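Each remark here refers to the structure printed beneath this line.
The values are calculated or read from the model by the stated rules, or taken from the named source; none is laboratory data. None of these values were measured; they are calculated from a predicted model. Here the Cβ is made from the backbone with ideal geometry for all residues, glycine too, and neighbour counts use every protein chain on show.
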């Protein structure tokens, strides 16, 4: 009888030790991030848990679409979603992310307002084992970032530059052509790629004198538009027109996105009577597509946020199930702590010739959206 009791006690003690070891293993499931750090990860599985989605603002159409696409696709995959917009205020976004962490989010998808501003909440995310996907804009100087989901932003700039080369026949035309540049917010890392891609195509024509920047404003810093603001772009174009184009035509304006292009177009409609220039854009915002149809904008870059959301949900699933996510660029995006594994979706040029096919036939917009 004593031997039987001892045997049962030993079995019980072994079971307790095994359960204890399992609990420790679960609580200490460490995984390395892209820059070689190690953090404690929550034990989860694909299709379960709560995901925080932090978007910068509702003021630009594209972020509303990004946020809603993310929420819809995550919920369809089985997740609870906490979607927040920060009104382009950094401290608001910091507070929202802190609340997502304290509110039990298992992973975060963050499109930052300022890529350098999230150090404190992201350190807390690492400590709590909450994985982070940087969305569209790269979060800088943080080891908390597991993946980056974006479009091929260098290609965006290239395609804008190539469109200008073809539209003006710069390889053959004598020129000169008057040219102005409007890029985006200096705190957005994507600007480096938009501007760099476009200038890699156009710089030779500036250097040769075929493209003449009458304002003299050629650098990324001189041509920046804080907050991607339509109003700031319009105000700057007002000043450029008044100082440089009262007696000459403006031939082309490189605008890195549609909100800056809209500001340029508004200014031209109010202050300019010369030949209408070629104007580039990006995002296919509704007002800009309407301007494209009306001949006020020459092209825009279509970045189908449904595809970006789909790829991000795949990253979330991989993280939640402890697997490696699919990436297609593991070289280009160093956030200051190391290269972040990235997935780059493909941007497409939209013009008057293909906007119906790309935007309406694809279901992105309806006919009535663009009337």
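Taking the stated definitions as given, is residue 150 within 26 Å of residue 281 (Cβ to Cβ) and modelled with pLDDT of 95 or more? Taking the combined requirement at face value, the residue satisfies it.
Going residue by residue through the stretch 110-126, is there one that turns out to be in contact with a strand residue (DSSP E or B) (Cβ under 6 Å, 6 or more places away or on another chain), modelled with pLDDT of 95 or more, outside any helix (DSSP H, G or I) and under 20 Å from residue 309 (Cβ atoms)? Checked the stretch 110-126: at least one residue is in contact with a strand residue (DSSP E or B) (Cβ under 6 Å, 6 or more places away or on another chain), modelled with pLDDT of 95 or more, outside any helix (DSSP H, G or I) and under 20 Å from residue 309 (Cβ atoms).
Take the conditions more than 27 Å from residue 253 (Cα to Cα) and part of a loop (DSSP other than H, G, I, E, B) and apply them to residue 274. Does it pass?
Details: more than 27 Å from residue 253 (Cα to Cα): no; part of a loop (DSSP other than H, G, I, E, B): yes.
No; evaluated as a whole, the condition is false for this residue.
Flag not set for residue 145, criterion: buried (at least 24 other Cβ atoms within 10 Å of the Cβ) and more than 14 Å from residue 333 (Cβ to Cβ). Of the residues that sit in the stretch 145-161 and are in contact with a helix residue (DSSP H, G or I) (Cβ under 7 Å, 6 or more places away or on another chain) and assigned to a helix (DSSP H, G or I), which one is nearest to residue 261 (Cα to Cα)? Restricting to residues being in contact with a helix residue (DSSP H, G or I) (Cβ under 7 Å, 6 or more places away or on another chain) and assigned to a helix (DSSP H, G or I), the top hit is 160. Residue pairs whose Cβ atoms lie under 6 Å apart, separated by 6 or more positions or on different chains, with the first residue in the stretch 157-178 and in the same structural domain as residue 216 (by TED's automatic domain parsing) and at pLDDT 95 or above and the second part of a loop (DSSP other than H, G, I, E, B) and buried (at least 21 other Cβ atoms within 10 Å of the Cβ), are 160/280; 163/299; 177/251; 178/250; 178/251.
Every residue in the stretch 74-104 that is in a loop (DSSP other than H, G, I, E, B) and surrounded by 19 or more Cβ atoms within 10 Å (Cβ to Cβ), please. Let's see the steps before the verdict.
Taking the stretch 74-104 and keeping what is in a loop (DSSP other than H, G, I, E, B), we get 77-79, 86-89, 103-104.
Hits for the stretch 74-104 are 79, 86, 88.
What single numbered condition from (1) assigned to a loop (DSSP other than H, G, I, E, B); (2) within 30 Å of residue 90 (Cα to Cα); (3) touching a strand residue (DSSP E or B) at 6+ places or on another chain (Cβ under 6 Å) fails to hold for residue 221? So the condition that residue 221 fails would be (3).
Among (1) farther than 21 Å from residue 191 by Cα; (2) touching a residue at least 12 places away in the same chain (Cβ under 8 Å); (3) exposed (fewer than 13 other Cβ atoms within 10 Å of the Cβ), there is one condition residue 221 misses while meeting the rest; what is its number? Just one mismatch for residue 221, condition (1).
Of the residues making up the stretch 349-371, those that are touching a strand residue (DSSP E or B) at 6+ places or on another chain (Cβ under 9 Å) and surrounded by 15 or more Cβ atoms within 10 Å (Cβ to Cβ) are 349, 350, 355, 358, 359, 364. Comparison of 263, 281, 295 shows that the only residue that is at pLDDT 95 or above and on the phi > 0 side of the Ramachandran plot is 295. Among the residues that make up the stretch 263-279, is at least one of them under 29 Å from the mean Cα position of the chain (by Cα), free of Cβ contacts under 8 Å to residues at least 40 places away in the same chain and either under 20 Å from residue 219 (Cα atoms) or crowded, with 24+ Cβ neighbours inside 10 Å (or both)? Looking for residues that are under 29 Å from the mean Cα position of the chain (by Cα), free of Cβ contacts under 8 Å to residues at least 40 places away in the same chain and either under 20 Å from residue 219 (Cα atoms) or crowded, with 24+ Cβ neighbours inside 10 Å (or both), one finds at least one in the stretch 263-279, hence yes.
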